[in-house]
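Trainee: Here it is, the structure in full.
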Amino acid sequence: MPQLNPNPWFLTMLASWMIFTLIIQPKLLTFTPTNHPHNKTHTTTKIAHWTWPWT
């Protein structure tokens, strides 16, 4: 079964993960977002309770 033979694809997978972890990931981690999250004040809403006719 050729799909069980990791020989032709193992080096490709290893090289792609090395490129990702050594080159792409540090560049992505240094990215700073332009829109910083703001602390919102929570507004409390007044809940009108349902009046059941049988209680």
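Trainee: Look at the stretch 23-55 and say how many of its residues are at pLDDT 80 or above and either of a type in the set (K, R) or touching a Gly at 6+ places or on another chain (Cβ under 7 Å) (or both).
Mentor: 2
Trainee: Shifting gears a bit: Name every residue in the chain that is of a type outside the set (F, W, Y), in a helix (DSSP H, G or I) and within 19 Å of the chain's Cα centre (by Cα), in order of residue number.
Mentor: Applying the first criterion (of a type outside the set (F, W, Y)) to the chain yields 1-8, 11-16, 18-19, 21-30, 32-49, 51, 53, 55.
When the remaining residues are screened for being in a helix (DSSP H, G or I), the result is 2-4, 7-8, 11-16, 18-19, 21-29.
Across the chain, the qualifying residues are T21, I24, Q25, P26, K27, L28, L29.
The values are calculated or read from the model by the stated rules, or taken from the named source; none is laboratory data. Note that the structure is a prediction, hence the values are computed from the model and not measured. Positions of Cβ are backbone-derived with ideal geometry, glycine not excepted, and every protein chain shown enters the neighbour counts.
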